[in-house]
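Just so it is clear, none of the values below were taken in a lab; they were calculated from the coordinates. Predicted, not measured: the structure shown is a model, and the values here were computed from it. Backbone-built Cβ (ideal geometry, glycine too); neighbour counts: all protein chains shown.
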C-alpha cells in the first residue's frame, strides 16, 4: 500500500481534545512502535488560530491578534483526515518523540514550534492552514432548511 501520510503534510484531527484543528505531520510511524503497535504520527498543530487584523488596530493589539498557540501530540492514523496541502516548515529539529516524555521538554518544543509557525504566518504563505475550520456553517444551513420545511407544512 502506498504511504501518503508523510512529513510536512497538513492533516485535520478528527478525535479528541483537538478535534477539528489543523496540524502538520512531523514524523510518521507506519509500522508502529513497541509502545504504540499501530500506525501513528507525531503532529504539531494550531491550538488557537490567529484572529483578523484590521487597519485601526494598534501595533500591540496586532501582535496579540496574530499570535498562534501550538500543541504537539502523537495521533493515530485513524484519527486524522489528510488534506492536499503541504507546509514547508521544518519542525523535525524542533519537535521529536523524546520531547513528549517530560512536561518541560514538551512546553519548550511547543514554544519552538509556535515560533516557526508564527514566522510562517507573518510571511503570508499557507493561508489556509492558519484559518479556522467552520463546521457550524453546515449545521446552521441544515437547521434553516428544517425550519423552512416546518413552516411550509403549516
Calculate, in nm to one decimal, what residue 63 and residue 106 gain on full extension: separation in residues at 0.36 nm each, minus their alpha carbon distance.
13.1 nm
For the pair residue 30 and residue 98, what calculated FRET efficiency results from E = 1/(1 + (r/R0)^6), where r is the Cβ-Cβ distance and R0 = 22 Å, to the nearest 0.05?
0.65
By how many degrees, 0 to 90 and rounded to 10, does the Cα axis of helix 136-153 deviate from the longest principal axis of the chain?
20 degrees
Cα atoms only, the chain: Rg and Dmax in Å?
18.6, 64
